[in-house]
Structures are given as C-alpha cells and as structure tokens.
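S.K.: Handing you a structure now.
The values are calculated or read from the model by the stated rules, or taken from the named source; none is laboratory data. Fair warning: this is a prediction, and the values are worked out from it, not measured in the lab. Ideal geometry is used to build each Cβ from the backbone, glycine not excepted, and the neighbour counts take in all protein chains shown. What goes into the accessible areas is simple: the full protein's heavy atoms, side chains included, and nothing from ligands, DNA or RNA. Shrake-Rupley method; radii C 1.70, N 1.55, O 1.52, S 1.80 Å.
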Amino acid sequence: MTGRIDIVEMAARDGLQNEKAIIPTADKIALIDQLSDCGFKRIEATSFVSPKWVPQLADGAAVMAGITRGPGISYAALVPNMKGYEAAKAAGVNEVAVFLSASEGFSRANLNCSIAESVERARPVAEAARADGILLRGYVSCVVQCPYDGPVEPCAVARVTGQLLRLGCHEVSLGDTIGRARPTEVAAMLDVVLAVAFPENLAGHFHDTNGLALDNIRVALDHGLTVFDASVGGLGGCPYAPGARGNVDTLAVAGMLAAMGYETGLDVEKLAAAAAFARRIAGKGDIRKRA
Ligand code: HMG
Ligand code: MG
C-alpha cells in the first residue's frame, strides 16, 4: 500500500489534560515547539474549556502566545462553546474543534448537557468559524462504548457525525474514548458511519487501553480513512472517561504505517526525542531501553 497518511498530534491537548499535576506553561510550549520540528502538519495545541472542568489546560492563551509557529502547520484547539471560541480566536488558532458524544451519559459528564443541547451549542461556533475563516473540526466521543451507558449503537455515531458535517466540519474525528473498542466493532461502526460521510471527511481517534488501537487503525485504513490522531509518548485520556488510557502512541503509528508502505512525513528520531520529553514533563517514566 502507498499514499499519504496524516497524523494529527494530540500530546499537548489530550495528552496533558488528564495529568494530575499542572504542567508549567513553559514546558507545554517547549513540547509544542519540539513537535513542530517533527514534520506534523497538524498539532492540537490546547483547549479553551472551563478552567474549573479542566484546570490542566487553563493556560491555553499563554501557550498559544508562546509557541514558535512552524511554516505550514495548523494549530488547533478544542472549544465547547462561544466563550471558548472567542478565546481560541483571540489566541490565533488555525482550527477549532467542537466535541460531541454519541452517548448521552458521556455528553452529560463531559459537557454538562444532552447531545441535542451540545449540537445547539456548537451551532454558533460553527457559524462564527465560517465567518472568520477558521477551520472547524468535529469530534464524536464514545463511538463504540461509553463509560456510563455501555455499548453505543453505530447509528447513534452516524447521527452525530452527520450533524457535525452539516454544521460545516471539514472532518469528524471518531473517538474510542475509553480505548476498549475491538476491531470488529470499529468495522461495524464505520460501515454505518460511511453511509453518511466520505472517508476523506473522517479521522480515527483511538485510545489504547486494551492495546488494540493499531489494529483499529488498520481496520479504519481498510475503510479508506487517511487521518489518525495520536500522541507522542502515548499520553492522553479524558478526565471524564474514567479508566481510559492514552491515545495511541505516535511513534507506534508512524512505524506501523511506514512498514505498510505509507508516507507520514514524520522524522522518527525527532519524534522519539519529543516523546521522551513529553513523558518527562508529564512525570512518566523514560520509555527508552538501554542496550
Ligand atoms: P457548565 O458548568 O455547565 O458551564 O460547563 P456554564 O456555562 O454554566 O459556565 C460555568 C463557568 O464556566 C462560568 O464561570 C463560565 O464563565 C465558565 P463562573 O461564572 O462560574 O466563574 N466557562 C468557561 N470558562 C472558560 N472557557 C470556556 C468556558 N465555558 C464556560 N469555554 C462546559 C459546561 C462545556 C463549559 C464544561 O462542561 C466544560 O468546559 N467541559 C469541557 C470538558 C473537557 O474539556 N473534556 C476533555 C476534552 S473532550 C475529550 O478529551 C475527548 C476527545 O479527546 C475525543 C475522544 O477521546 O473521544 C476530544
Ligand atoms: Mg481523546
């Protein structure tokens, strides 16, 4: 197989939002600057959510102001509402991402509202982003399982995906938020979602709790997806998804894709250095092995 696959780097946002310790702003900036040198075209840098809900990323504006932007790199931030959108716009992000859930339980836990209410909250964000010329991404969480409601029907994922596309999202990232999806379940979900979306408008966002994220990416590749979210050092998790591990490790994804013959444009040595730095600032162990 050949062709280009884009990895959207998540460590600075999904990776750091779930850490108990508050990581210094300077370390976050240093991490993003390292990531900007690895060959990524898209980096999710932070979120502009309530600091009471996610204090770890309360310094989003300072992070955006401090980074050195690489040429041609799009820096994105999560926004749950207009307050977040205005802050992200003022910080000069290239892309905002609204995030919805396919399950009611996670929507309540993560956004304090129903799915229907979250769509209505995203609507003015979408309109403003369109007017301001800022790219809009959408996330659907819990595309296979919800930590509160259990198994999620593929048609619920398709419904929310369709709503996000109609709002104007150029891409909807499908999140296995708790990282427990099996490849057969991902295939069944994608079969249904692909009835409402083209594969080029979808991305895969797999957490890796059960070690099946790479298998799930291969299933998504077979379904025509060409964009995957990943996190250096395998950092990540949502404070409102108990028990979930990090995003699939960027190095592992890049390695698998290279072995399969795909091009990612990533520099593996720089990635490894960024991963070691990310894990160090997050207080995780060094994953390098001595010979
Ligand atoms: P709420 O408490 O219902 O909001 O939370 P509210 O509108 O009643 O406001 C409460 C307070 O928050 C007010 O301040 C607002 O001004 C403030 P107060 O008057 O009490 O001082 N506020 C804000 N402050 C800064 N920025 C904002 C903002 N909005 C309100 N944008 C809300 C509702 C949506 C705000 C809250 O639930 C929230 O922030 N949730 C975000 C949770 C989150 O960030 N989760 C992690 C990201 S999602 C994820 O990780 C999944 C993903 O990776 C994909 C996957 O893996 O599935 C994307
Ligand atoms: Mg996530």
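S.K.: Quick one: ranking H205, H223 by accessible area, 1.4 Å probe, largest first, what do you get?
M.R.: H223, H205
S.K.: Now for a separate question. Say the dipole of the chain comes from +1 at the beta carbon of Lys and Arg and -1 at that of Asp and Glu; which of V219, C238, A258 then lies farthest toward its positive end?
M.R.: Of V219, C238, A258, it is C238.
S.K.: Can you give me the distance in nm between label points at A273 and C113, each placed 7 Å from the Cα along the Cα-to-Cβ direction?
M.R.: Using points 7 Å along Cα→Cβ, the separation is 4.4 nm.
S.K.: For S50 and R69 in one chain, what is 0.36 nm times their gap in residues minus the Cα-Cα distance, to one decimal in nm?
M.R.: Taking S50 through R69 to full extension adds about 4.3 nm, to one decimal.
S.K.: Could you give the size of the charge dipole of the chain about its Cα centre, using +1 on the Cβ of each K and R and -1 on the Cβ of each D and E, expressed in debye and rounded to the nearest 20? Walk me through the intermediate numbers first.
M.R.: Details: 28 positive and 32 negative charges, 111 e Å.
Result for the chain is approximately 540 debye, rounded to the nearest 20.
S.K.: Taking K270 as the anchor, which aspartates and glutamates have their alpha carbon closer than 16 Å to its alpha carbon, excluding any fewer than eight residues away along the same chain?
M.R.: Hits, sequence-local ones excluded: E9, D33, D37, D249, D286.
S.K.: Kindly list the residues of the stretch 238-279 that lie in the label zone of A21, defined by a backbone N under 14 Å from the point 7 Å along the Cα-to-C-beta vector.
M.R.: Taking a point 7 Å out along Cα→Cβ of A21, the residues of the stretch 238-279 whose backbone N falls under 14 Å are 277-279.
S.K.: Quick one: order D14, D132, D37, D59 from most to least accessible surface, probe 1.4 Å.
M.R.: The ranking, largest first, comes out as D37, D132, D59, D14.
S.K.: Pop a pseudo-label 7 angstrom from the Cα along the beta-carbon direction at both A252 and R130 and give the gap in nm to one decimal.
M.R.: Placing both labels 7 Å beyond Cα along the Cβ direction yields 3.9 nm.
S.K.: Largest first, what is the accessible-area ranking of Y148, Y85 with a 1.4 Å probe?
M.R.: Output order, biggest surface exposure first: Y148, Y85.
S.K.: Helix-derived [θ] at 222 nm for the chain: sum -39500 (n - 2.57) over DSSP H runs of at least 4, divide by residue count, nearest 500? The partial results should precede the final answer.
M.R.: Working: 10 runs with 113 residues, N = 291.
The helix-only estimate for the chain comes to -12000 deg cm²/dmol at 222 nm.
S.K.: Between E86 and H170, what is the FRET efficiency for a Förster distance of 22 Å, r being their Cβ-Cβ separation, to the nearest 0.05?
M.R.: Using R0 = 22 Å, I get an efficiency of 0.60.
S.K.: Could you size up the charge dipole of the stretch 179-230 around its Cα centre, putting +1 on the beta carbon of Lys and Arg and -1 on that of Asp and Glu, and report it in debye to the nearest 20?
M.R.: In total the dipole reaches around 100 debye.
S.K.: Would you please classify the overall shape of the stretch 54-153 from the alpha carbon gyration tensor, given that a ≥ b ≥ c denote the square roots of the eigenvalues, rounded means a/c under 1.5, and beyond that prolate means a/b larger than b/c while oblate covers the rest?
M.R.: Here the stretch 54-153 falls in the prolate category.
S.K.: Which of rounded, prolate or oblate describes the stretch 199-279 when judged by the alpha-carbon gyration tensor and an a/c cut-off of 1.5? Walk me through the intermediate numbers first.
M.R.: Values: a/c = 1.96, a/b = 1.09, b/c = 1.80.
Oblate is the answer for the stretch 199-279, as a/c is 1.5 or above yet b/c matches or exceeds a/b.
S.K.: To continue, here is another question. What is the chain by shape, rounded, prolate or oblate, if you read a ≥ b ≥ c off the alpha carbon gyration tensor as root eigenvalues and call it rounded for a/c under 1.5, prolate for a/b larger than b/c, and oblate otherwise?
M.R.: Working: a/c = 1.36, a/b = 1.09, b/c = 1.25.
Rounded is the answer for the chain, as its axis ratio a/c remains below 1.5.
S.K.: Under a cut-off of 20 Å between alpha-carbon atoms, report the lysines in cross-link reach of K52, not counting same-chain residues fewer than 8 places apart.
M.R.: Straight-distance partners of K52: K20, K28, K83.
S.K.: Ignoring ligands and nucleic acids, what accessible area does R280 show with a 1.4 Å probe (Å², nearest 10)?
M.R.: 150 Å²
S.K.: Also, I was wondering about something else. Multiplying the sequence separation of E263 and A188 by 0.36 nm and subtracting their Cα-Cα distance, what value in nm do you get?
M.R.: Going from the current span to full extension adds 24.3 nm.
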